[in-house]
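Note sheet for the following structure.
The values are calculated or read from the model by the stated rules, or taken from the named source; none is laboratory data. Predicted model, so just to flag it, every value in this text is computed and none were measured. Every residue, glycine as well, gets a Cβ built from its backbone with ideal geometry; the counts of neighbours run over all protein chains shown. Each accessible area value is taken on the protein alone, full model and side chains, heavy atoms only, with ligands, DNA and RNA left out. Shrake-Rupley method; radii C 1.70, N 1.55, O 1.52, S 1.80 Å.
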Amino acid sequence: SKLAALFKHPLYNIPVPKVTEKDKLFIINPMEKFSLRNSGSDEWVSSSKAETLLPTGKTAYDTYPAWLKFHIGINRYELYPRQDPLLPTLLRDLATQRIISSVQKSGGTQLKLIMRFPNYGQALFKPMKQTRDQETPVDFFYFSDFERHNAEIAAFHLDRILDFRRIPPVSGRLVNITKEIRDITTDRKLAKTFFISPAGNICFYGECSYYCSTEHALCGKPDQLEGSMAALLPDKALAKRRSWRSPWRRSYHKSKKAEWELNPNYCAQVRETPPYDRGHRLLDLIDMTILDFLMGNMDRHHYETFEKFGNDTFLLHLDNGRGFGTHSRDEPTILAPLQQCCRIKKSTYLRLQLLATRPYRLSDVLREALATDPLAPVLAEPHLRALDRRLGKVLVAVGHCLAR
């Protein structure tokens with residue numbers, strides 16, 4: 001296994017700083033028992049009178065569902081640990097837990113559903129919109145591109161292989177539109193959009209800004225539909241997140257260019273602006289830039305951080321559905337922050353060099369990681385080959401910076 005060998009490599013075993021109580025998103029006593037507020041609630045509360053040891057000999061913490069342990073484990077330095085024994089269980093839950101509720105997520109440009117499980121976990125479902133081998137048409141603007149379910153799955157695994165670990169776990173899943181969406185939804189607006197197509201397939205389209213119409217309906221075969229299931233982060237009421245506008249955000253206009261596209265010295269003014277004037281925020285943003293270039297994602301207008309940790313924490317790499325749309329061409333402008341600032345974390349650079357070598361080739365380790373997903377093969381082979389080509393271009397860009 002190339003993947004197992006990669007994760008055993010010294011570059012993937014650099015210790016994170018010691019995590020103190022103030023570095024944890026939630027301070028929980030692992031002996032404290034959590035239970036539901038009441039039978040109709042999905043809110044977990046602690047019970048100070050709970051037995052510290054259960055009759056089975058396990059602590060209360062051992063009985064928590066995987067999603068709750070995932071939330072408790074988040075800290076200033078990482079969303080989840082490198083060698084996380086919880087990850088396989090959480091991914092399996094996302095793929096297999098019975099769906100008891102399904103409603104449309106508000107906001108966003110395209111249709112997404114929030115699904116709830118009997119263990120009170122929730123997941124964000126993005127349905128399949130195009131086949132693996134379809135490329136984004138060359139005349140499409142990046143902001144009107146489809147969001148792809150397989151891109152969300154592949155992005156999670158790629159983020160982990162790069163050792164960023166800033167994307168919440170995602171699994172593919174085959175969903176029954178009739179039993180797991182239509183028959184159990186309490187969302188009246190969503191319910192009104194179901195119909196049976198002339199081919200006898202169950203379809204729906206929801207309500208949103210783009211692609212929510214009968215012409216862009218999501219149809220099963222006859223009611224089986226692929227999608228990605230992403231573990232949700234803790235509710236914002238419990239763990240506030242701050243949204244940051246990316247300095248290298250595109251103009252989202254059909255003809256206007258953004259300032260960074262016109263000013264070659266743009267990075268100088270970014271580096272004088274908080275929070276990029278101190279700490280590792282700019283380096284973290286360049287990490288995200290490299291992830292986006294490898295995926296071909298042009299749609300990174302904002303990013304988020306957990307408010308509790310201030311400016312000294314990692315960036316959350318959320319909403320990756322517009323990655324992996326093209327494999328036959330690369331988008332060099334995505335690398336603008338790296339090229340203009342000529343900065344990169346040493347650890348990131350060393351891992352990229354490692355992933356360009358034959359024993360740890362990026363396409364090979366990602367192919368192996370994706371092979372365990374229920375919807376494998378997640379990416380078409382040309383997309384995997386494109387990763388190696390793009391990785392070479394990142395290393396060339398760093399080489400030019402070193403020469404300068």
Which one is farthest from THR289 (Cα to Cα), of the residues in the range 329-360 that are part of a helix (DSSP H, G or I) and without any contact (Cβ under 8 Å) to a residue 60 or more places away in the chain? ARG358
State whether one or more residues within the range 267-285 are touching a helix residue (DSSP H, G or I) at 6+ places or on another chain (Cβ under 6 Å), surrounded by fewer than 20 Cβ atoms within 10 Å (Cβ to Cβ) and touching a residue at least 60 places away in the same chain (Cβ under 8 Å). no
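Conditions tested, residue by residue: (1) open to solvent by 50 Å² or more (accessible area, probe 1.4 Å); (2) hydroxyl-bearing (Ser, Thr, Tyr); (3) touching a strand residue (DSSP E or B) at 6+ places or on another chain (Cβ under 9 Å); (4) within 28 Å of PRO88 (Cα to Cα).
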position	(1), (2), (3), (4)
PHE309	no, no, yes, yes
PHE314	no, no, yes, yes
GLY323	no, no, no, yes
THR326	no, yes, no, no
CYS341	no, no, no, no
ARG358	yes, no, no, yes
ARG367	yes, no, no, yes
Inside the range 170-212, the number of residues satisfying the requirement of being in a strand (DSSP E or B), within 23 Å of GLN122 (Cα to Cα) and among the β-branched types (Val, Ile, Thr) is 2
For the range 222-241, how many residues meet the condition of being under 17 Å from the mean Cα position of the chain (by Cα) and in contact (Cβ under 8 Å) with a residue 60 or more places away in the chain? 9
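State yes or no: is LEU350 surrounded by 20 or more Cβ atoms within 10 Å (Cβ to Cβ) and of a type outside the set (Ser, Thr, Tyr)?
In short, no.
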Do we find that PHE164 is open to solvent by less than 50 Å² (accessible area, probe 1.4 Å), of a type in the set (Phe, Trp, Tyr) and in a loop (DSSP other than H, G, I, E, B) in this structure? yes
Only residues that are assigned to a strand (DSSP E or B) and open to solvent by 30 Å² or more (accessible area, probe 1.4 Å): list them for the range 214-241, please. CYS219, GLN224, GLU226, ARG241
With over 21 Å from LEU94 (Cβ atoms), in contact (Cβ under 8 Å) with a residue 12 or more places away in the chain and either of a type in the set (Gly, Ala, Ser) or surrounded by fewer than 19 Cβ atoms within 10 Å (Cβ to Cβ) (or both) as the only criterion, which of ASN201, ASN176 stands out? ASN201
Please find, within the range 369-381, the residue that is farthest from ASP93 (Cα to Cα) out of those that are in contact with a Gly (Cβ under 7 Å, 6 or more places away or on another chain) and open to solvent by 10 Å² or more (accessible area, probe 1.4 Å). LEU375
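Is it the case that the range 109-127 has a residue that's in a helix (DSSP H, G or I), buried (at least 19 other Cβ atoms within 10 Å of the Cβ) and in contact with a helix residue (DSSP H, G or I) (Cβ under 6 Å, 6 or more places away or on another chain)?
no
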Residue among ALA230, ALA268, ALA237 that is closer than 28 Å to LYS105 by Cβ, at pLDDT 95 or above and of a type outside the set (Asp, Glu): ALA230
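Yes/no per residue for (1) within 20 Å of ILE100 (Cα to Cα); (2) touching a Leu at 6+ places or on another chain (Cβ under 9 Å):
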{"position": "ASP187", "(1), (2)": "yes, yes"}
{"position": "PHE194", "(1), (2)": "yes, no"}
{"position": "CYS208", "(1), (2)": "no, yes"}
{"position": "CYS212", "(1), (2)": "no, yes"}
{"position": "PRO222", "(1), (2)": "no, no"}
{"position": "GLU226", "(1), (2)": "yes, yes"}
{"position": "PRO234", "(1), (2)": "yes, yes"}
